[in-house]
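Encoded as structure tokens, the structure appears first; notes follow it.
The values are calculated or read from the model by the stated rules, or taken from the named source; none is laboratory data. Fair warning: this is a prediction, and the values are worked out from it, not measured in the lab. So basically every Cβ, Gly included, is an ideal-geometry build from the backbone, and we count neighbours across all protein chains shown. Side chains are part of the model used for accessible areas, which takes the heavy atoms of the whole protein and leaves out ligands, DNA and RNA. Shrake-Rupley method; radii C 1.70, N 1.55, O 1.52, S 1.80 Å.
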Amino acid sequence: MIVVTPPDSTPSALYADYVDGETARVERVSLQLEVYSNSLILTRPEGGEIIWPLSDIREIPDQAASEMVVCTSINDPDARLLVSGWAVVAELRSRIRGFHQAGTQIGGQTIAKWALGAFASVAFIVFAMIPLLANQMARLLPPAGEVALGEATFEQIRVALGRTGMPAKTCNRGIGVAALNKMETALSQGLDLPYPVNLTVLDSPIVNAFALPGGQIVLFDGLLKAANSTDEVAAVLAHEIGHVAERDPTRMALRSAGSIGVLGLLFGDFAGGFVVLSLANTMIEANYSQSAETAADEFAHERLKAAGLRPDALADMFETMKKLGGDAKGIQAYFSSHPATDARINAAKAASAGMDANVTPILSRLEWRSLQMICK
Amino acid sequence: MAIGSLKTLFAGEKGPLFQLAFKTSLLTFLTLGIYRFWMKTRMRRYLWSAIVPGGAPLEYTGRGSEKLLGFLIAVVFLAFYIGVVNLILMFISFTVMNGSGGGYLLSFVGLIPVYFFARYRARRYILARTRWRGIRFGLEPGAWGYAWRAIVHLLISILSLGWLWPRMTFWLEKYRTDRTWYGDAKFTQGGKWTMLYGPFKHLIVPAYISIAIGVGLSVVSNPISLGMLLIVTIPWALVGFVHYRVQSFRILAENKSLAGLQFQPHPRSSRILGIYILGPILVSILAGLALGLLGGVFAVIANFPGMPGIDAQLLLQGGSIATWLVIGFGALTYFFIFILYGALYQTFVTLPLIGHYAETLSIMGAESLVQVTQRHRDDAKEAGGFAEALDVGAAI
Ligand SMILES: [Zn+2]
């Protein structure tokens, strides 16, 4: 029998604290390493030996005290041996075989089962229950409530688009506003909307427009600058009025309010979560919009005709956006409510079949210039 | 020192803890959050083992896989609650009150019972996975009983305009303590709720004075009163709040007993306050330095010929590879600073806080520990998953 006595060890290093996992009593045991049987022998203070084969000993990981090693035996997992002293710790570490994980490992199958359950539950709620509820609620929400919802959403978007912490500026140079209102009046004439359409131009180079709950329609300065004619802007506006008439934005806002909470729950409060969260939510919204877009396009075709314009003005606008590379690419897609597809361009052209090529635009040349200069 | 008196050592060190925190947060980021269950488990394992009463460190025996499972179980139930209930509350708020404020308030109120439920369940799981001298702790089931009691106490505290707050502190602690076990030995919370008024007066008195001055200021503005409010009474109330937290813990712990054991904690409010004030300042300075360094690199890259300027709106337009490089670098910097901040916070706030509570704790009457025997393992299957999902699992 050989007693391990590293050169610099103090006599106390040959002892260790032992708990048997049955009582809270700490025993001071003496340690002996028996080389021929390759085991550690713990001699208890009241006599009696505990023999732990070295191959059974495991270290408890992530321990704070660096000069101490806490180990257990796989055959006696409730017992603990606390060995202190650099030399003995080093000696022991060189002979024992890896780490012990206390507690029971949960089987992969159990986790898979519950992961599937959680996934199914979340999918059901996000893709079935919340849309269903949101549709019902959008119908039941009083107009004043929708307007309030729209205002709350608008402020968030302004902040998101702002530069250096300042919310994006709204543009309201006098003549431009009058021109915009004239266009809106011409397009929504005879419509029975639950609330008046409320137009805003945001000072941002993004080539886009979107509608919010409560009749709020936002055009970006970038869109006004990029448009080649007053009819193209009118077409976009008519399309957005279509969303308002269908209460699409209300449904979308309610839906994302419900799903953001659930997705936040899933990904937790950590940095990566936020990105996944917004991406996931974008996917939901894009998926949602697709079906509503065609309806809004058809609505726009009708409104444009009623205002004496050609529906293919919408096609022209899509072509303009395509040329600019604004075909719902990149981060901009998040705010884009109208991906310009060929199918939609063709539909707009088809709707204009047999119409006179020369129509009178809603705005005069002067009004159109002032609208383009609404943000200066 | 009397026979059977155990001193508590604290073995936690800033360097190794920071390394562990940084490494595990990085893994959490790389696995889109999945690793966070293992991260929490490993952090707890380290911090528990740093607390060494009478030479034997605490041991945390929870498993990451167990936490993941608990989280999944909680998600199945909570997804419904959060998604559907939130949506209904938002609808009600926009229908009735024409604003989202009411909805947020309602959904917050609706979560209060779940919050208390989750806190109790999390505590049960943590105790079931904590060992000292090889013996397990445990907490009896009783989360719903805790939740409704907590709500009644909260209502009483609110109705008494804050004056009965210590009553809530005491009775909730007693509910938890009287259901806590160490092996086959049961904890008992003694004492009376009125004993907490000593530290409480430093919270309630300045709070009332602040409110009185605030009301006075809304009638007539007066620079002297405003100064009093900002320099004297509000800081006093904040210090009083920390003092109450620390000293109510001390008083309650002194009045706990366990199979002949008594506890003698001596935490100092000034030290805890110092950690709460100086810790975050230090963390912010260090994270700010790292950000400044990365910002410099970023500026060099962004101003490279052919690179677009840093303009959020132009970036939104999307487009070139260069733009995406800039965005990518910015995002990585953001995550890096986020992770760094978290790890530094654990190192300079969480660790010293636990350290101070540990080092100032003595346990008397340790000779009776030899009679304590092991208790059965509590499955605590959902492993604090509700608290995890709701993020009410405290800092660690
Ligand atoms: Zn659209």
### Task
Working carefully through the options A:ALA186, A:ALA226, find the one that is more than 16 Å from the ligand (Cβ to nearest atom) and away from chain B (no Cβ under 14 Å).
A:ALA186
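Condition check ((1) part of a strand (DSSP E or B); (2) more than 16 Å from the ligand (Cβ to nearest atom)) across all residues:
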| position | (1), (2) |
| --- | --- |
| A:ASN181 | no, yes |
| A:LEU193 | no, yes |
| A:VAL201 | yes, yes |
| A:ILE206 | no, no |
| A:GLY214 | no, yes |
| A:ILE217 | yes, no |
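Report the residue count in segment A:360-372 for those that are assigned to a loop (DSSP other than H, G, I, E, B), of a type in the set (A, V, I, L, M) and surrounded by fewer than 16 Cβ atoms within 10 Å (Cβ to Cβ).
Total satisfying the criteria: 0.
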### Query
Which condition number does B:GLY33 fail, the rest of (1) under 25 Å from A:GLY21 (Cβ atoms); (2) modelled with pLDDT under 85; (3) in contact with a helix residue (DSSP H, G or I) (Cβ under 7 Å, 6 or more places away or on another chain) being met?
(1)
### Task
Take the residues in segment B:205-252 that are without any contact (Cβ under 8 Å) to a residue 60 or more places away in the chain and polar (S, T, N, Q), then tell me which one is nearest to B:PRO166 (Cα to Cα).
B:GLN247
### Message
Please determine whether any residue of segment A:66-83 is of a type outside the set (Lys, Arg), away from every other protein chain (no Cβ under 14 Å), open to solvent by 40 Å² or more (accessible area, probe 1.4 Å) and more than 36 Å from the chain's Cα centre (by Cα).
### Response
yes
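The rows are residues; the columns are (1) in contact (Cβ under 8 Å) with a residue 24 or more places away in the chain; (2) crowded, with 21+ Cβ neighbours inside 10 Å; (3) at positive phi; (4) not in a helix (DSSP H, G or I).
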residue: B:ARG119; (1), (2), (3), (4): yes, yes, no, no
residue: B:ALA122; (1), (2), (3), (4): yes, yes, no, no
residue: B:ARG136; (1), (2), (3), (4): yes, yes, no, yes
residue: B:PRO141; (1), (2), (3), (4): no, no, no, yes
residue: B:GLY145; (1), (2), (3), (4): yes, no, no, no
residue: B:ALA150; (1), (2), (3), (4): yes, yes, no, no
residue: B:LEU154; (1), (2), (3), (4): yes, no, no, no
residue: B:SER157; (1), (2), (3), (4): no, no, no, no
### Query
In segment A:239-253, is there at least one residue being in a loop (DSSP other than H, G, I, E, B) and away from the ligand (no atom under 11 Å from the Cβ)?
yes
### Query
Which residues, counting only those in segment A:114-135, are more than 9 Å from chain B (Cβ to nearest Cβ), of a type outside the set (A, V, I, L, M, F, W, C) and over 19 Å from the mean Cα position of the chain (by Cα)?
A:ASN135
### Query
Has segment A:184-201 got any residue that is touching a residue at least 60 places away in the same chain (Cβ under 8 Å) and of a type in the set (Asp, Glu)?
no
### Near pairs, Cβ below 8 angstrom, 6+ apart or cross-chain, from segment A:250-272 (of a type in the set (Ser, Thr, Tyr)) to any residue that is modelled with pLDDT of 65 or more and part of a loop (DSSP other than H, G, I, E, B)
A:THR250/A:LEU141
### Message
Can you find a residue that is within 23 Å of A:ILE362 (Cβ to Cβ) and either away from chain B (no Cβ under 14 Å) or away from the ligand (no atom under 16 Å from the Cβ) (or both) anywhere in segment A:151-166?
### Response
no
### Message
So if I check each of A:ALA102, A:ALA128, A:ALA138, which one is modelled with pLDDT of 85 or more and at negative phi?
### Response
A:ALA128
#### Entry: Test: B:GLU13 is open to solvent by 30 Å² or more (accessible area, probe 1.4 Å), farther than 26 Å from A:SER259 by Cβ and at the interface with chain A (Cβ under 9 Å from one of its Cβ atoms)
yes
#### Entry: Top-ranked residue of segment A:137-147 - restricted to ones that are facing another protein chain (nearest Cβ under 9 Å) and assigned to a helix (DSSP H, G or I), ranked as farthest from A:MET252 (Cα to Cα)
A:ALA144
### Query
How many of the residues in segment B:237-271 are part of a strand (DSSP E or B) and either open to solvent by 60 Å² or more (accessible area, probe 1.4 Å) or not polar (S, T, N, Q) (or both)?
7
### Residue that is farthest from A:ALA16 (Cα to Cα), among those in segment B:67-83 that are open to solvent by less than 10 Å² (accessible area, probe 1.4 Å) and within 7 Å of chain A (Cβ to nearest Cβ)
B:GLY83
### Task
List every residue pair whose Cβ atoms sit under 6 Å apart, with the two residues 6 or more apart in sequence or on different chains, where the first one lies in segment B:191-204 and is over 19 Å from B:PHE263 (Cα atoms) and the second, anywhere, is surrounded by fewer than 18 Cβ atoms within 10 Å (Cβ to Cβ) and at pLDDT below 90.
B:ILE204/B:GLY162
### Options B:TRP171, B:TRP163, B:TRP181: the member that is assigned to a loop (DSSP other than H, G, I, E, B) and either in the same structural domain as B:ARG119 (by TED's automatic domain parsing) or open to solvent by 70 Å² or more (accessible area, probe 1.4 Å) (or both)
B:TRP163
### Residues within segment A:303-350 that are surrounded by fewer than 19 Cβ atoms within 10 Å (Cβ to Cβ), touching a Gly at 6+ places or on another chain (Cβ under 9 Å) and modelled with pLDDT of 85 or more, tallied
1
### Summary
Taking segment B:44-66 and keeping only residues that are touching a strand residue (DSSP E or B) at 6+ places or on another chain (Cβ under 9 Å), more than 7 Å from chain A (Cβ to nearest Cβ) and part of a helix (DSSP H, G or I), one is left with B:ARG44, B:LEU47, B:TRP48
